[in-house]
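Working notes, structure below.
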Amino acid sequence: MIHSLRPLVIASALLACAQAAASSGGPWDPYVSRSGPDIALNRYQSGELGVLLPSYDRMYLYTAWRTVQLGADGLKSVPNPQGGLLRAIGSRNGGWVDATEGKKVYGAWLAAVGAALKQAPAAPKADDSMANGYLNCPLGGYTFATSTLNDLARRPDATPARLNAWVATQRQVFKFCGDDVDAPRNRFDETKRVIPAPAELPATEALYWRQVQQYQLASAAFYGENYALSASLFAKIGATDKHPLRQWGEYLSLRSQARAATFVPGPNADQAAWQERLDAKRESPAAAAARLAAAQKKLAAIQASADHILANPELASLHEATRAIVRSMQVRLTPTLRFAELSKLLDDPRANPYQDDHLGDWRVLANDLLQPPGADQTDARPALRASAGFIDWLQTLQQCEEYNAKRSCAVERAHAIDLWNRYAKEGNKAQARVWLLAAVMLSEKLTPELEKAAQQVASGTPEYLTMRHALARHYRLSNLADKARTIGDAVLTGPALAASNSSSARNQFLQERFAVASSPADAANYLLRTASRDLDPDTGEQAKASEDGGADKVRVDIAADGTRWLNSGLSVADLSALAASTNLSKPIRTQIAVAAWMRSDLLGQDDAALNAARQIEQTAPALAPVMEKYRKLAGTPEHRYWMLLNALKYGLSPMYSGATAEIKVRAPDETLADLWCKLPAKPGASYGENTDAEHTLPMPDLGNSAARNQELAQLAGLKTATGYIGDYVMRRATAVPTDPELPWLLYVTVQSTRGGCLDADAKTLSRSAFTLLHKRYKNNEWARKTPYFY
């Protein structure tokens, strides 16, 4: 029966309509997780911190602060319930809407309607967003409605008329929260629709069926934002003896009361609520006091209603949810006071930060109260820093990221060092540990005292990997490459990093170690990076790679630092030597050998080009016939033509842009001369690598630098691939007019001038190639496919 349903299902039936927020943004680091750990949150919460970054979100930094203060052993002796951090943070899926569950829940609802009314459900249209799982109403509402309908259909007094009436009323309820099967609406459409209230059953109807509908009428009022009415209707249900939904009446009336206390009417409620918070920050002290008094009055009324529920043992199953409503209202109505209370509670690392969702509520408030103020607002954050040690620590770490208005990174470093010295002298080991960590993370040059303290951090401590990484960075910046290499190699082969199971942490050590490589061969050992995988929003675990090599297979490739090194840091000879490294996969070795082959040919280095061609034959079977013919051709002119022709056909490039698992011929009519843009002219010059997002370190200067510099200068003098190949094709048309590939090559030239990397004379080149194509080959298919020049 209805009264047997779980509390959470019925409570969720009255949640406000969910809003989706698809994440977006610019370039991101695919190898290092910079906003939070890629370690499963239960393990992270238990002390496995990996390598911390100042750019981590506050929740992760708070957890690190608490963990380091307590130490590995101390953390085991205090409340630290598994799953606490994940619950406090919420889903880590970035706000993307997963329609899978919605489709399942909506399908179950349609099936229940069909079974109850004995009607075969109509096949949904392909563009039916509701049938595809994109629902505006909360899923709990559909789950509750489905269970209720199934129960009603089994009653002995169920008739087709009664079931039809109940379904009609429920469909009307769904319209109030945005799901209208007859007039679907976009989930982001905030236009308020006028929806008539469901018709109440006549007094002649059986009491039970009228009482069941009373819940629907109250729900419709709630979703219709008539909270005064829904509160009274739910309260009436709770006060009616033997009502089938009596146990929920008082609680759902409380929810209506709470919603009314924070409701901001208007077509765009979220925007209006944001504006209201912004206006509150600018108001006068008298206005602020009046607003606070009004908010406290609302909160007192909500607390009184909640106390009535909490005093009733028959409603024990709803006590936790009731307390949650009160906490939510404390956050919404008196945010500054609640933030101060929560900050005081969280500042004791021995307390349970997950009790009553203290940390989760603090996060919500911190997202607003710790944001940089507007130009006409007073900055309250310095006072907040002084109010709680953990806030001071968080802000110290994050200032270099987001808070440069009044406190520079240098000030923050000095602040961390001062507090470390102070607590160390006082013998406060817990505070000394956490401030030592901040000082070492932020400092680019360590004092002898800081260096010694960092070196003494034991391998079993939560902060060990972060300290080791900071030391490696310090030695690199201090030109102590041998020390940096020693630390990097020890960690990369040691048990601590292996146990962390963190691709992000390993990649950070690989990046540091690569930056201090002693030779190209040494650098090859640290080139490969494993991409950080997507995180499971339910567990925080990295998504597991498929064993069959499917789409979710973990990608291992060369990151931006290594790509830049390949593109502007090595001579042709050094590239060929690297292509022979067995530490690299065949696809990567092939890409490097192709780059060496094309560059050496463009530079006129015949012997080097032939050597690279042999390497490609051995690693890329698809290119073996091409390379075999290349080696048999006589003279540079024929080599150049064959190289350019097949580079076009296979999409090959003298620049490394990532390993390609499969090399195959491109579709002729989709081929472009997009093989390179303007080539870098000096060592370390970027060629579109993701160096900023990946925080790339300075490139190691290795190999034959004199030969590299000369080659780069010569290659930089070439036009873009479109211009170079286009000019070459025009010359070829004069020198070898019988070449059967010419019509296609002229087509490719014209198509390539539509956009992308172009030279100043691209328009002239396009017109010349177009004119020659139509004059000489006017009946050719490639001329017919080229109606315009660009």
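With respect to T146, determine if the residue is of a type in the set (V, I, T), part of a helix (DSSP H, G or I) and either modelled with pLDDT under 95 or loosely packed, with under 14 Cβ neighbours inside 10 Å (or both). Lay out the reasoning, then the answer.
Values: of a type in the set (V, I, T): yes; part of a helix (DSSP H, G or I): yes; either modelled with pLDDT under 95 or loosely packed, with under 14 Cβ neighbours inside 10 Å (or both): no.
Considered against the rule, which asks whether it is of a type in the set (V, I, T), part of a helix (DSSP H, G or I) and either modelled with pLDDT under 95 or loosely packed, with under 14 Cβ neighbours inside 10 Å (or both), T146 comes out as no.
Restricting attention to segment 639-666, which residues are part of a loop (DSSP other than H, G, I, E, B) and of a type in the set (K, R)?
Residues of segment 639-666 that are part of a loop (DSSP other than H, G, I, E, B), as a first pass: 651-666.
Answer for segment 639-666, where residues must be part of a loop (DSSP other than H, G, I, E, B) and of a type in the set (K, R): K664, R666.
Tally up the residues in segment 414-450 that are within 22 Å of D73 (Cα to Cα), within 33 Å of the chain's Cα centre (by Cα) and among the charged types (D, E, K, R), please.
1
Listed residues L397, L315; which is assigned by TED's automatic domain parsing to the domain that holds Y56, assigned to a helix (DSSP H, G or I) and touching a Phe, Trp or Tyr at 6+ places or on another chain (Cβ under 9 Å)? Give the derivation first.
Working: L315 fails: assigned by TED's automatic domain parsing to the domain that holds Y56.
Just a single option satisfies the conditions, and that option is L397.
Under 7 Å by Cβ, and 6 or more places apart or on different chains, what pairs join a residue from segment 325-351 that is farther than 18 Å from D368 by Cα with one that is basic (K, R)?
If the second residue must be basic (K, R), the pairs left are I325/R255; P349/R66.
Within 22 Å of S653 (Cα to Cα) and assigned to a helix (DSSP H, G or I): which single residue out of A681, A707 fits that description?
Working: A681 fails: assigned to a helix (DSSP H, G or I).
So the residue among A681, A707 that is within 22 Å of S653 (Cα to Cα) and assigned to a helix (DSSP H, G or I) is A707.
Under 6 Å between Cβ atoms, which residue pairs at least 6 apart in sequence (or on different chains) link something in segment 129-153 that is among the acidic types (D, E) with a partner that is outside any helix (DSSP H, G or I)?
Every condition considered, the pairs that remain are D151/M1.
The conditions are (1) part of a helix (DSSP H, G or I); (2) out of contact with any Gly (no Cβ under 7 Å at 6 or more places or on another chain); (3) more than 16 Å from W565 (Cβ to Cβ), and N479 fails exactly one of them. Which is it?
Just one mismatch for N479, condition (1).
Considering only helices (runs of 4 or more DSSP H) fully contained in segment 36-124, which possess at least 1 residues that are within 25 Å of C400 (Cα to Cα)? Give the derivation first.
On the way: elements: 41-45, 58-76, 84-89, 99-117.
Answer list for segment 36-124: 41-45, 58-76, 84-89.
Could you check how many residues of segment 254-284 are in a helix (DSSP H, G or I) and at pLDDT below 85?
Going through segment 254-284 one residue at a time, the tally reaches 14.
Out of curiosity, is T582 more than 23 Å from L712 (Cβ to Cβ) and of a type outside the set (A, V, I, L, M, F, W, C)?
Details: more than 23 Å from L712 (Cβ to Cβ): yes; of a type outside the set (A, V, I, L, M, F, W, C): yes.
Criteria met by T582.
Residue by residue through segment 329-346, note down the ones that are surrounded by fewer than 17 Cβ atoms within 10 Å (Cβ to Cβ) and not aliphatic (A, V, I, L, M).
If the condition is that a residue be surrounded by fewer than 17 Cβ atoms within 10 Å (Cβ to Cβ) and not aliphatic (A, V, I, L, M), then T336, E341, K344 are the ones that fit.
Let's see how each residue does on (1) in the same structural domain as F263 (by TED's automatic domain parsing); (2) surrounded by fewer than 19 Cβ atoms within 10 Å (Cβ to Cβ); (3) closer than 20 Å to C137 by Cβ:
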position: A197; (1), (2), (3): yes, yes, yes
position: A203; (1), (2), (3): yes, yes, no
position: Y208; (1), (2), (3): yes, yes, no
position: S219; (1), (2), (3): yes, no, yes
position: A235; (1), (2), (3): yes, no, no
position: G238; (1), (2), (3): yes, no, no
position: D241; (1), (2), (3): yes, yes, no
position: R246; (1), (2), (3): yes, yes, no
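Of all residues in segment 491-526, which are under 18 Å from L446 (Cβ atoms) and without any contact (Cβ under 8 Å) to a residue 60 or more places away in the chain?
Within segment 491-526, V491 is the sole residue that qualifies.
In the list L471, L446, which residue meets the criterion of being without any contact (Cβ under 8 Å) to a residue 60 or more places away in the chain, crowded, with 22+ Cβ neighbours inside 10 Å and outside any helix (DSSP H, G or I)?
On the way: L471 fails: outside any helix (DSSP H, G or I).
Of L471, L446, the one residue that is without any contact (Cβ under 8 Å) to a residue 60 or more places away in the chain, crowded, with 22+ Cβ neighbours inside 10 Å and outside any helix (DSSP H, G or I) is L446.
Of P373, P353, which residue is part of a loop (DSSP other than H, G, I, E, B) and either at pLDDT 95 or above or closer than 30 Å to L75 by Cα (or both)? Don't jump to the end; show me each part of the working.
Numbers: P373 fails: either at pLDDT 95 or above or closer than 30 Å to L75 by Cα (or both).
Residue meeting the stated conditions: P353.
Only one of G604, G562 is of a type in the set (G, A, S), touching a Leu at 6+ places or on another chain (Cβ under 8 Å) and either at pLDDT 95 or above or assigned to a strand (DSSP E or B) (or both). Can you tell me which? Steps first, please.
On the way: G604 fails: touching a Leu at 6+ places or on another chain (Cβ under 8 Å).
Selected residue: G562, the only one of G604, G562 that is of a type in the set (G, A, S), touching a Leu at 6+ places or on another chain (Cβ under 8 Å) and either at pLDDT 95 or above or assigned to a strand (DSSP E or B) (or both).
Inspect all residues belonging to segment 44-67 and state whether any of them is among the β-branched types (V, I, T) and either under 21 Å from G389 (Cα atoms) or surrounded by fewer than 23 Cβ atoms within 10 Å (Cβ to Cβ) (or both). Steps first, answer last, please.
Taking segment 44-67 and keeping what is among the β-branched types (V, I, T), we get 51, 63, 67.
Now narrow it down to the ones that are either under 21 Å from G389 (Cα atoms) or surrounded by fewer than 23 Cβ atoms within 10 Å (Cβ to Cβ) (or both): 63, 67.
Yes, segment 44-67 contains at least one residue that is among the β-branched types (V, I, T) and either under 21 Å from G389 (Cα atoms) or surrounded by fewer than 23 Cβ atoms within 10 Å (Cβ to Cβ) (or both).
Please pick out the residue among D701, D692, D669 that is outside any loop (DSSP other than H, G, I, E, B), touching a residue at least 60 places away in the same chain (Cβ under 8 Å) and loosely packed, with under 14 Cβ neighbours inside 10 Å. Reasoning before the result, please.
Numbers: D701 fails: outside any loop (DSSP other than H, G, I, E, B); D692 fails: outside any loop (DSSP other than H, G, I, E, B).
The conditions single out D669.
Only one of these is at pLDDT 90 or above and in contact with an Asp or Glu (Cβ under 7 Å, 6 or more places away or on another chain): I237, I309. Name it. Working first, answer last.
Values: I237 fails: in contact with an Asp or Glu (Cβ under 7 Å, 6 or more places away or on another chain).
Going through I237, I309 in turn, just one is at pLDDT 90 or above and in contact with an Asp or Glu (Cβ under 7 Å, 6 or more places away or on another chain): I309.
The values are calculated or read from the model by the stated rules, or taken from the named source; none is laboratory data. This is a predicted model, so every value here is computed, not measured. Glycine gets a Cβ as well: all are built from the backbone with ideal geometry, and neighbour counts include every protein chain shown.
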